Amino acid sequence: VVAKYIEPESTSISSVMTANPTCVAMSDSAMDALGTMVENHFRHLPVVDDNGGVVGLLDIAKCLNDAISKLEKSESKKDGNAAADAVKQMASLQGAGGAQAAALQALLGPLMAQAFGNAGGSPTLRSLLAGKPATIVSPQTNLRDTGIKMAEARKASLVVENGRLVGIFGFKDMMSRAVAKGLHLESTPVSQVMTPDPETVSPDITVLEALQLMHDNKFLTLPVCESTGGVVGLVTVMDVIYGCGGAEGWRSIFDSAMNVADDFSDTGSMHSMGTARSNRTARTTKSVKVADKDVRPVSKLRPKKPLISSSNDSILEVTRMLASKRGDAALITSANGGLAGIITDTDITRRVVAKYIE
């Protein structure tokens, strides 16, 4: 939206959404759904009922966080007080961050070595970012030019002044802080709406340590800087997933997590809810093929309650709704309530800001 010079208030969301997206049903295989997301680099996957009604949204970051939480809780129960004492001892020696990284290494290390064959250890962020230029802008760069750079790189912008990182500006920021508020993109500098002085990590930490930080802090991105302050780049949750291995390896890890007894609640997710405005009789969007050998359904992943908009809503209306709900994706329904498309914060920058659409 931003990079295309589209006018959000006069353009319908249907003109920029991803139409007829791949989706899954609540009764489909959970492992196939996760495999589809990892293999295709999908951050989001719509969930429908058997009649095609929109009922949920899978988020790969949430699925990953839930999997790690389940494995951690399972390991804690298994080891009892001995594990808790060991973590406390590590915390006193290494600091909390070191203890958490060590605990996750002990938990996921053997699984990852088995899944990915990387017995030599997890790669560093330096190796992960080698040859990948960062999306860097100055504090004075306007939002339109920033959006165009972000659209081209498909990465958040790192705001750098005199060689030092002073801020970060992501796709969700563009959607909620700029587009939804109707800011003038050509005259507003990114410094006005960026997140200043973001937390950074060393390029020499491992992908597994980055995964721990993202899990603990619910980060979707991590700026990477040298100890001298020099900017190395930015890693996303999808970068981290692929930095550890391919889709089959992650299927193995998700499989281990799903085998853990499901005895904790997630109030932020939707485990069982009614169909949203549906009167379709069959799914017409692309769906993931059900695997006969795996009977664990998508509902076991606890899809999030979907944020829903009509295909007749304007881009501005949808972005304002997402901003108010602090969401990063909306499912778009047709006149009969069926799934017509999906729009994400990334789409707003790539298809509206960078396209100059009226």
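The values are calculated or read from the model by the stated rules, or taken from the named source; none is laboratory data. Only a predicted model underlies this, so the values are computations on that prediction, with no experimental measurement involved. Please note: Cβ atoms are built from the backbone with ideal geometry, for glycine as well, and neighbour counts cover all protein chains shown. Accessible surface areas use protein heavy atoms only, side chains included; no ligands, DNA or RNA. Shrake-Rupley method; radii C 1.70, N 1.55, O 1.52, S 1.80 Å.
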If a residue must be part of a helix (DSSP H, G or I) and open to solvent by 10 Å² or more (accessible area, probe 1.4 Å), how many such residues does the stretch 1-34 contain? 6
Filter result for the condition that a residue is over 21 Å from Ile68 (Cα atoms) and acidic (Asp, Glu), over Asp204, Asp216: Asp204
Which numbered condition Gly246 fails, given (1) open to solvent by 20 Å² or more (accessible area, probe 1.4 Å); (2) at pLDDT below 75; (3) closer than 30 Å to Asp49 by Cβ: (3)
Find the residue count for the stretch 151-167, including only residues that are under 20 Å from the mean Cα position of the chain (by Cα) and crowded, with 23+ Cβ neighbours inside 10 Å. 4
Residues within the stretch 222-243 that are at pLDDT 85 or above and within 23 Å of Leu71 (Cβ to Cβ), tallied: 6
When the stretch 184-230 is checked residue by residue, the ones that are in a helix (DSSP H, G or I), open to solvent by 20 Å² or more (accessible area, probe 1.4 Å) and in contact with a strand residue (DSSP E or B) (Cβ under 7 Å, 6 or more places away or on another chain) are Ser191, Leu213
Please state which one of Asp173, Asp145 is modelled with pLDDT of 55 or more, open to solvent by 40 Å² or more (accessible area, probe 1.4 Å) and not in a loop (DSSP other than H, G, I, E, B). Asp145
State all residues of the stretch 299-323 that are assigned to a helix (DSSP H, G or I), more than 19 Å from Gly56 (Cβ to Cβ) and among the hydroxyl-bearing types (Ser, Thr, Tyr); if no residue qualifies, say none. Thr319
What tally of residues in the stretch 182-197 results from selecting those that are at pLDDT 95 or above and either among the hydrophobic types (A, V, I, L, M, F, W, C) or over 13 Å from Asn142 (Cα atoms) (or both)? 6
Examine the stretch 231-243 for a residue that is open to solvent by 60 Å² or more (accessible area, probe 1.4 Å), at negative phi and of a type in the set (D, E, K, R), and state whether such a residue exists. no
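So that you can scan it fast, the table gives a plain yes or no per residue for (1) more than 19 Å from Thr188 (Cα to Cα); (2) polar (S, T, N, Q); (3) surrounded by fewer than 19 Cβ atoms within 10 Å (Cβ to Cβ):
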position	(1), (2), (3)
Ser310	yes, yes, yes
Leu316	no, no, no
Leu322	yes, no, no
Arg326	yes, no, yes
Ala335	yes, no, yes
Leu339	yes, no, no
Ile343	yes, no, no
Arg351	yes, no, no
So the check is Cβ under 8 Å with 6+ separation or different chains; which pairs have a first residue in the stretch 179-190 that's among the hydroxyl-bearing types (Ser, Thr, Tyr) and a second one that's surrounded by 14 or more Cβ atoms within 10 Å (Cβ to Cβ) and not in a loop (DSSP other than H, G, I, E, B)? Ser187/Asn142; Thr188/Asn142; Thr188/Leu143; Thr188/Ala178
Residue selected from the stretch 100-137 under the condition closer than 16 Å to Leu158 by Cα and open to solvent by less than 40 Å² (accessible area, probe 1.4 Å), by the criterion modelled with the highest pLDDT: Val137
For the stretch 277-288, indicate whether the set of residues that are on the phi > 0 side of the Ramachandran plot, modelled with pLDDT under 80 and outside any helix (DSSP H, G or I) is non-empty. yes
